Every structure is written in C-alpha cells, then in structure tokens.
1. Could you please find all residues in the range 33-49 being over 31 Å from the mean Cα position of the chain (by Cα) and among the hydrophobic types (A, V, I, L, M, F, W, C)?
2. Out of everything in the range 1-27 that is of a type in the set (Val, Ile, Thr) and either at pLDDT 90 or above or under 30 Å from THR151 (Cα atoms) (or both), what residue ends up being farthest from the chain's Cα centre (by Cα)?
3. Among the residues of the range 58-70, is there at least one that is closer than 30 Å to GLU105 by Cβ, more than 19 Å from the chain's Cα centre (by Cα), surrounded by 10 or more Cβ atoms within 10 Å (Cβ to Cβ) and not aromatic (Phe, Trp, Tyr)?
4. ASN30 passes all but one of (1) under 19 Å from ALA124 (Cα atoms); (2) of a type outside the set (Ser, Thr, Tyr); (3) more than 28 Å from the chain's Cα centre (by Cα); which number fails?
5. Quick one: which of SER90, SER112 is closer than 30 Å to PRO144 by Cα, of a type in the set (Gly, Ala, Ser) and loosely packed, with under 10 Cβ neighbours inside 10 Å?
6. Need pairs with beta-carbon distance below 8 Å; first residue without any contact (Cβ under 8 Å) to a residue 24 or more places away in the chain and within the range 33-56, second part of a helix (DSSP H, G or I) and open to solvent by less than 90 Å² (accessible area, probe 1.4 Å); sequence gap 6+ or separate chains.
Amino acid sequence: MENRLKLVNILLIVLVVALALILFNIFAANQDLKRENADLSNDVEKVEASKKEEKEVFTQTERFLTDSLQGGSMDYFTTRYRKEVEQTLSENETSEDVDVSEMKELEIYNISVRKQEDSYQVYALYKATLTGIDDEFVNPGDQPLLILMSTITWIIEDGELKVDAHDLEPLVSGEQVIQEISS
C-alpha cells in the first residue's frame, strides 16, 4: 500500500510539473502574441499616418501647381528657397515691361509622391493651356499648350508643408502633340 501511495504521489508530482510547464508555455506564447500584436498595431498606425501625410502632400501639390501657373507659387516656398528665388529673379531682372500670358486651363495627369528621410519628393506631369497676352492671340484659334513636368521637394517648416526646391521642365509643346495627333 505504501508503494502504491508513493507511486500515486510521484504521478501527481509529475502531472503537476507537466501542467505547470504547459501553463507556462501558454502564458509565454500569449505574451509573445500580445507583443507581436502591439508591434503590428504600431506598424499599422505608422502606415496610416504616412498615407495621410502623402495624401496631404498630393493635395498641396495640386494647389501649388495651380497657384504657380497663376503667379502665386512664392506663398508655398520655404524661407531658404524664397530667398534663393528672389535673388535669382533680381539678378535676371530686366528693365523692360514684359507681357505675360495667363493660364486658362490646367490638367494634371499624374502626381507621384515619394517619402524621403525628412522630405517628400514629388513628380508631377501636367498640361497647361495659356490664354495669350490680354486673353488675345495673334492668330485666332491659337492656344499655346504645354506639357510640363515638375520635380518638387516638400519639407515641413514651422509645422507646414513648404516647397524647398522646384524644377519645372517643359517636356514637349502641346502644339507638337496636336500636330502629331492630327497627322
């Protein structure tokens, strides 16, 4: 009987140890899952914040392109870039009056936003239709059309998105495109 009691006690001890090991493994796995879930939640929040920032950059780029072609681009520039542009303009200033053609229509084809370390690099492809001098052309029916590409660097300055660099490049005259389509 005493041997039997010892055997039951040993079996109970083995069962208690096995149960303790199983519970410990379940607890450890649960803690790992909680940690992994918290990490995934943080990653999702970062992605959502990044998408929100990219959407804001996209919207600001649309506004910037429209305002740029209407003469209001300086409002978007960083302090450093504004000084650089103003200096370039003063160096290239001429004393003659220049008539400027105004924008009639803007059609944006594509805006691509790429996150850099502390900035956003944006590539925009768009078409601008100009009105001519004082809304009149030399030949009726003329309508200068430009296909343009802008490379814009956006940074956050004083809590706002600001343009820190802008390269504007005409890709092709829209008139060439129309001629090629017509022929």
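The values are calculated or read from the model by the stated rules, or taken from the named source; none is laboratory data. Every value quoted in this text rests on a predicted model; they were computed, and no experiment measured them. FYI the Cβ positions are ideal-geometry reconstructions off the backbone, even for glycines, and counts take in every protein chain you see. For the accessible areas, the whole protein counts, side chains as well, though only heavy atoms, and no ligand, DNA or RNA atoms are used. Shrake-Rupley method; radii C 1.70, N 1.55, O 1.52, S 1.80 Å.
1. LEU33
2. ILE10
3. yes
4. Exception for ASN30: condition (1).
5. Every option except SER90 fails the conditions.
6. That search, which allows pairs on different chains as well, returns nothing.
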